[in-house]
Amino acid sequence: MYQRITSAAAAPITMLYGQTGVGKSSFLAAGLLPRLKRDYEILYIRRDQKDSLTITIQKALIHLADDQDGSDGPGHSTVGTPLRVAWRTAEVAVGKPLIILLDQVEEVFTHPNADRPNELAELAQALSEIFTVDGRDFQGKILVSFRKEWFPEVQKIFDLNAVSFGRVFLEALDRDAVIEIVNGLVSTARLQKQYGLTIETHVPEQIADDLLNDRDSPTAPALQILLTKMWEEAAELSSATPAFTESLYLRIKKQGLLLDDFVDRQLAQLAGVYPDLVSSGFVLDLLVYHTTPQMTAAERCRDDLMKMYNNHKQELSGLLEECKNLYLLFESGSKGNSAKRTTRLAHDTLALPIRHKFDESDLPGPRARRILKNRAVEWANDHHGAILDGPDLLVVEQGAMGLGVLMPHEQRLIAASRIEQSRRNRRRTLLHRCLIGAVVGLLFTTGLAGWGRHTAVQESSSDCARKNGRSSCD
């Protein structure tokens with residue numbers, strides 16, 4: 001990839017794509033980017049859903065040029081500046097060729113912007129205009145990265161706009177690659193001296209065979225989670241001479257290498273800090289809010305989270321921090337500006353197990369959320385629909401602590417259900433009282449009739465005794 005991007009004969013646009021969890025972002029940020037930094041200015045950009053891809057790139061270029069200029073004002077360009085001009089201006093400002101790494105482009109499909117339905121076509125058109133043979137007056141290149149299932153859509157849009165590009169399919173890690181990664185910190189004398197790590201024979205091979213044997217678990221993120229855990233435990237046992245031993249690996253393996261197991265273990269640790277929020281299902285609700293219907297990670301800004309979970313805002317900041325420490329969430333943006341702080345799942349591949357756990361959970365919050373999702377839709381847009389029956393209303397009320405702030409149509413559904421439940425209770429109470437009154441009346445009537453019969457018999461017996469004598473009346 002380095003040779004392809006740096007070659008003068010290579011296409012100025014390269015598409016990098018691979019399956020979910022193959023490690024595209026890590027390949028770019030930890031592999032390719034450091035190798036390019038010496039000779040190139042690198043802009044690593046992820047799409048901002050509020051803006052189009054083109055505007056996101058424009059803003060990054062303008063910000064780069066202004067930073068080099070040291071200006072606090074509007075600088076060289078504005079967002080309305082053509083992309084080609086903004087790019088050229090940025091290259092002149094930094095004094096060396098510019099390479100843009102545009103990552104997670106599939107979000108134009110998974111997180112569409114209703115105001116920019118053709119944003120990928122707009123980008124393709126802009127790139128077509130600036131990367132022409134006759135009009136090229138700068139050396140920059142762009143790498144477009146996305147998941148492989150979106151390649152046909154991306155290719156079609158670029159072809160329709162006459163954009164030529166190179167393509168690289170990033171293969172999943174094979175056995176040799178996994179072994180090389182595990183041995184990474186002992187691969188050179190410098191690294192051995194820096195980290196002091198030793199690795200027992202056959203441990204890398206064991207790890208590779210176990211990870212590749214599990215076809216349902218993405219190898220790259222699973223390996224990242226595993227090695228992080230092994231390093232932490234090895235360093236805790238001996239900070240000076242940590243060791244990746246077979247016994248250490250087998251102990252962690254027993255805890256579970258699958259992402260399902262990873263999520264379970266992290267939630268169990270989180271329960272030690274926030275037991276009520278975990279047991280109510282609130283944590284699952286928060287994590288699911290960071291997913292999309294396409295089972296991918298969704299980015300949420302801090303202000304939106306505070307509004308969505310305003311009923312738990314006192315615990316929310318600490319909970320988010322703990323989720324970051326447990327590798328469930330990742331935060332980016334300015335620490336001092338909450339409007340620019342965003343959180344997302346630590347990796348796209350966590351979306352699937354989290355959604356499954358939420359959908360199958362018997363915790364109060366998820367049960368309530370599922371009922372509201374299915375029933376409240378009839379109450380949207382000021383409409384009216386069927387109300388919740390007694391058992392469903394009880395589940396929703398019991399699960400309130402495990403939910404965020406309810407939407408207006410959900411609140412209307414619950415309010416209407418409570419009113420109807422109150423009416424039912426009053427009718428039930430009235431009917432109960434009527435039944436009791438009827439039973440009492442029946443008992444009174446029965447008792448009165450019995451007393452009347454008893455009196456009549458007594459009177460008859462007395463009359464007989466007076467006339468004939470007692471013995472003949474017995």
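The residues on offer are SER247, SER279, SER239, and the sole one that is under 20 Å from ARG355 (Cα atoms) and open to solvent by 60 Å² or more (accessible area, probe 1.4 Å) is SER279.
Against the condition outside any helix (DSSP H, G or I), in contact (Cβ under 8 Å) with a residue 12 or more places away in the chain and not polar (S, T, N, Q), how does GLY404 come out, does it pass? In short, yes. Residues of segment 109-138 that are open to solvent by less than 30 Å² (accessible area, probe 1.4 Å), modelled with pLDDT under 90 and not small (Gly, Ala, Ser): THR110, HIS111, ASN113, ILE130, PHE138. Of the helices (runs of 4 or more DSSP H) that lie entirely inside segment 230-310, those containing 3 or more residues that are under 29 Å from THR342 (Cβ atoms) span 259-271, 275-279, 282-288, 302-308. Looking across ALA386, ALA380, ALA376, one residue alone is over 24 Å from SER25 (Cα atoms) and either among the hydroxyl-bearing types (Ser, Thr, Tyr) or at pLDDT below 80 (or both). It is ALA376. Given the condition touching a Gly at 6+ places or on another chain (Cβ under 7 Å) and either modelled with pLDDT of 95 or more or more than 30 Å from GLN125 (Cα to Cα) (or both), answer yes or no: does some residue in segment 197-204 qualify? Checked against the condition, which is being touching a Gly at 6+ places or on another chain (Cβ under 7 Å) and either modelled with pLDDT of 95 or more or more than 30 Å from GLN125 (Cα to Cα) (or both), segment 197-204 yields no hits at all.
Look at ALA376 and say whether it is open to solvent by less than 20 Å² (accessible area, probe 1.4 Å) and within 25 Å of the chain's Cα centre (by Cα). Yes. Of all residues in segment 108-124, those satisfying the criterion of being under 20 Å from GLN19 (Cα atoms) and out of contact with any Leu (no Cβ under 9 Å at 6 or more places or on another chain) are THR110, HIS111. Residue check: TYR327 meets all listed conditions (1) in a loop (DSSP other than H, G, I, E, B); (2) free of Cβ contacts under 8 Å to residues at least 60 places away in the same chain; (3) within 29 Å of LEU170 (Cβ to Cβ) but one, namely (2).
So that you can scan it fast, the table gives a plain yes or no per residue for (1) exposed (fewer than 13 other Cβ atoms within 10 Å of the Cβ); (2) modelled with pLDDT of 90 or more:
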site: VAL154; (1), (2): no, yes
site: ASP159; (1), (2): yes, yes
site: PHE169; (1), (2): yes, yes
site: ILE179; (1), (2): no, yes
site: ALA189; (1), (2): yes, yes
site: GLN192; (1), (2): no, yes
site: ALA208; (1), (2): no, yes
site: ASN213; (1), (2): yes, no
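The values are calculated or read from the model by the stated rules, or taken from the named source; none is laboratory data. Only a predicted model underlies this, so the values are computations on that prediction, with no experimental measurement involved. Counting neighbours? That spans all protein chains shown, and the Cβs are built from the backbone with ideal geometry, glycine included. We work out accessible area using only protein heavy atoms, side chains counted, and drop any ligands, DNA or RNA first. Shrake-Rupley method; radii C 1.70, N 1.55, O 1.52, S 1.80 Å.
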